[in-house]
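Beneath this line is the structure, given in structure tokens, with notes to follow.
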Amino acid sequence: MAQITDETRPLDKSLHDKIEHLKPQCEKCFGLCCVALYFSKQDGFPTDKSAGTPCPNLEADFRCTIHEKLGALGLKGCIAYECFGAGQQVSQVTFAGQHWRLKSVSADLMFAVFLIMQQLHEMCWYLSEALSFQVAPPICEDIRKALYETERITQLSPHALREFNLSAHRTKIKVLLRNTSKLVRSEISRTNKVTFKADKERQVTEDFFGRDLRKKDLRCADLRGACLIAANLEGVDLSGTDFIGADFRDANVRGANLSQSIFLTQAQINVAKGNSATKLPLSLFRPKHWDAQDNTNE
Ligand code: SF4
């Protein structure tokens, strides 16, 4: 596991602990993502199944029988899914260690709560990431308050969580993250002497599917929600680029510099094609299957 701090984005201990808390700990989870979600073979899962049905590869003890082979089997849906620690929170805190196979537990309620918790934990992750950029007041105070508030919501009872108005809360957080992104990108562009065109932001509809982007200057660009599937970003400097919600499936990031990219998640990195020359933010780790790609020189 990579060290989480670096000289450009020092984290205090409490922020470091918050981010650690948002990393999945499958051994403390009752296999919730492998049961609660609907998924299809076409999206890189092992089978087509409805929400609430266990994946056939899930053991009685909630372990995945093929976990070590997910990459080799091309199960990108499983590799890409990120619960941000919601699985262990729901299993161990919200339901106090009671699993969904017990008669005393409402499996439907547990699965519904897991889907809500995943979104709350994702918000906590982005807010923690936003705090790590150390933006100036008053926005840093707003981020801190929003993080505190979201953490408080994650502690609610199962029924209160199910009733919670998630969409109103998400809208508030979205605005905050967008404003943080603008500030951070403008600051990184100033230190890197990159022209920052805040008034000419990329249209969200723009799609980079399969495109060769090696000659494009994407530093400090707004690539929120961008479709980067199979795009070629080999060797590209992506400092200050905002990747929130971008789709990295099969994007070639070999040798790319992502060390100062904004709002990049482990799940995005897991489905991209990188190598030992790819520079990552220190909060993310290099996927094991990248080494195999290095060796086969794919
Ligand atoms: S293959 Fe494994 S990781 Fe993927 S859904 Fe099934 S049990 Fe979960």
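The values are calculated or read from the model by the stated rules, or taken from the named source; none is laboratory data. Because the structure is predicted, anything quoted here is derived from the model rather than measured. Please note: Cβ atoms are built from the backbone with ideal geometry, for glycine as well, and neighbour counts cover all protein chains shown.
The residues on offer are Leu127, Leu131, and the sole one that is touching a residue at least 60 places away in the same chain (Cβ under 8 Å) and over 24 Å from Ala51 (Cα atoms) is Leu131.
Of all residues in the stretch 225-246, which are under 25 Å from Ser132 (Cα atoms) and over 11 Å from the mean Cα position of the chain (by Cα)? Walk me through it before giving the result.
Here is the first cut: in the stretch 225-246, the residues under 25 Å from Ser132 (Cα atoms) are 225-226, 236-246.
Residues satisfying the conditions are Gly225, Ala226, Val236, Asp237, Leu238, Ser239, Gly240, Thr241, Asp242.
Output yes when any residue across the stretch 75-89 is over 22 Å from Asn270 (Cα atoms), assigned to a helix (DSSP H, G or I), in contact with a helix residue (DSSP H, G or I) (Cβ under 8 Å, 6 or more places away or on another chain) and touching a residue at least 12 places away in the same chain (Cβ under 8 Å), and no when none is. The answer is yes; a qualifying residue exists. Among the residues making up the stretch 65-90, none is among the small types (Gly, Ala, Ser), modelled with pLDDT of 95 or more and over 20 Å from the mean Cα position of the chain (by Cα). Of the residues screened, Val90 is not one that is surrounded by 21 or more Cβ atoms within 10 Å (Cβ to Cβ) and touching a Pro at 6+ places or on another chain (Cβ under 8 Å). I'd like the full set of residues that are more than 8 Å from the ligand (Cβ to nearest atom) and more than 22 Å from Leu109 (Cα to Cα), limited to the stretch 49-72. If the condition is that a residue be more than 8 Å from the ligand (Cβ to nearest atom) and more than 22 Å from Leu109 (Cα to Cα), then Glu68, Lys69, Gly71, Ala72 are the ones that fit.
Is there a residue in the stretch 35-47 that is away from the ligand (no atom under 12 Å from the Cβ), at pLDDT below 95 and of a type outside the set (Ser, Thr, Tyr)? Spell out how you get there, then give the answer.
Of all residues in the stretch 35-47, those away from the ligand (no atom under 12 Å from the Cβ) come to 42.
From what is left, the residues that are at pLDDT below 95 are 42.
Subset that is of a type outside the set (Ser, Thr, Tyr): 42.
Looking through the stretch 35-47, at least one residue is away from the ligand (no atom under 12 Å from the Cβ), at pLDDT below 95 and of a type outside the set (Ser, Thr, Tyr).
Filtered by the rule that a residue be at pLDDT 90 or above and surrounded by fewer than 21 Cβ atoms within 10 Å (Cβ to Cβ), the stretch 195-215 gives Phe209, Gly210, Arg211, Asp212, Leu213, Arg214, Lys215. Does Gly85 satisfy being within 30 Å of Ser283 (Cβ to Cβ), more than 11 Å from the ligand (Cβ to nearest atom), buried (at least 20 other Cβ atoms within 10 Å of the Cβ) and not assigned by TED's automatic domain parsing to the domain that holds Thr265? Answer is yes for this residue.
Scanning the stretch 9-52 for residues that are β-branched (Val, Ile, Thr), over 18 Å from the mean Cα position of the chain (by Cα) and surrounded by 18 or more Cβ atoms within 10 Å (Cβ to Cβ) yields one hit, Val35.
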